[in-house]
Amino acid sequence: MNNPSILYPVFALAGWTSLVLLLIPFRRIRAAMRREVGPHDFRLGESAAVPDAVRLPNRNYMNLLEIPVLFYVVCLLSYMAAAPSTAAVALAWAYVALRVLHSVVHLTYNHVIHRLVLFAASNGVLVMLWVSAAVRLVR
């Protein structure tokens, strides 16, 4: 049986994504209780009247569902097709750490340059994961 160590970062990122998902209703309900928003503000997604603090978790959640799909695919491919290398597992954990840091910056002080650096670094790690998987499969 293949070494499941490449799957642990997958579970970690899925868990983090779930935590961010739980933040969405928390922020929306709090805003509704403060009468900052009403149900009509969410009828077609989020209206322009929705405060940024309420929009942010939803945007971060969507971000965690976009490019990370490629992370999930490469990790599953690595698990199924060839035993993942120690380097690949380390890269997978680095990707998760960078995505979590990106979310923390996005959901707290939201400095665009800091987010960009973390986003770019995570994408660089993702490219290295794909190259690592391709090389391993070719061998």
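Laboratory data are not the source of any read-out in this text; all were calculated from the coordinates shown. Note that the coordinates shown come from a computational prediction; the quantities given were computed from them, not determined experimentally. FYI the Cβ positions are ideal-geometry reconstructions off the backbone, even for glycines, and counts take in every protein chain you see.
Observations, loosely collected:
- Between helix 86-107 and the chain there is an angle of about 10 degrees, using the helix long axis and the longest principal axis of the Cα atoms.
- Taking 1.306 mPa s as the viscosity and 10 °C as the temperature, the Stokes-Einstein diffusion coefficient of region 4-138 based on its alpha-carbon Kirkwood radius rounds to 98 µm²/s.
- Relative intensity, log₁₀ I(q)/I(0), of region 59-139 from a Debye sum that treats every alpha carbon as a point, q = 0.11, 0.12, 0.20, 0.22 Å⁻¹: -0.30, -0.35, -0.83, -0.95
- Spin-label model distance (nm) - Val131 vs Leu76, 7 Å beyond Cα toward Cβ: 2.6
- The dipole here belongs to the chain: it is taken about the Cα centre, uses +1 on the Cβ of Lys and Arg and -1 on the Cβ of Asp and Glu, and is about 160 debye.
- Net length gained if the chain between Leu21 and Ala83 were fully extended (0.36 nm per residue, minus Cα distance): 19.1 nm
- The slack in the chain from Ile67 to Tyr109, taken as 0.36 nm per residue of separation less the alpha-carbon distance, amounts to 12.9 nm.
- Taking a point 7 Å out from the Cα of Ala120 in the direction of its Cβ, the residues of region 96-113 whose backbone N falls within less than 11 Å of it are 113.
- Between 0 and 90°, nearest 10: helix 68-81 axis offset from the chain longest Cα axis: 30
- Relative contact order (%) - criterion: Cα under 8 Å, at least six apart; region: the chain: 32
- Of the trypsin sites (Lys or Arg not before Pro) found in region 1-98, those in coil by DSSP whose Cβ has at most 11 other Cβ atoms within 10 Å are Arg34, Arg35, Arg43.
- Expected 222 nm ellipticity per residue - DSSP helices of 4 or more, -39500 (n - 2.57), all of the chain, to 500: -26000 deg cm²/dmol
- Positive-end extreme of charge dipole, region 4-138 - chosen from Ala92, Ser5, Leu19 (charges on Cβ): Leu19
- For region 5-86, the list of GluC sites (Glu not before Pro) that fall in a loop by DSSP and count at most 13 other C-beta atoms within 10 angstrom reads Glu66.
- In degrees, nearest ten, helix 52-65 long axis to first principal axis of the chain (Cα): 20
- Farthest toward positive dipole pole in region 4-138 [+1 Lys/Arg, -1 Asp/Glu at C-beta], among Ile67, Ala48, Phe119: Ala48
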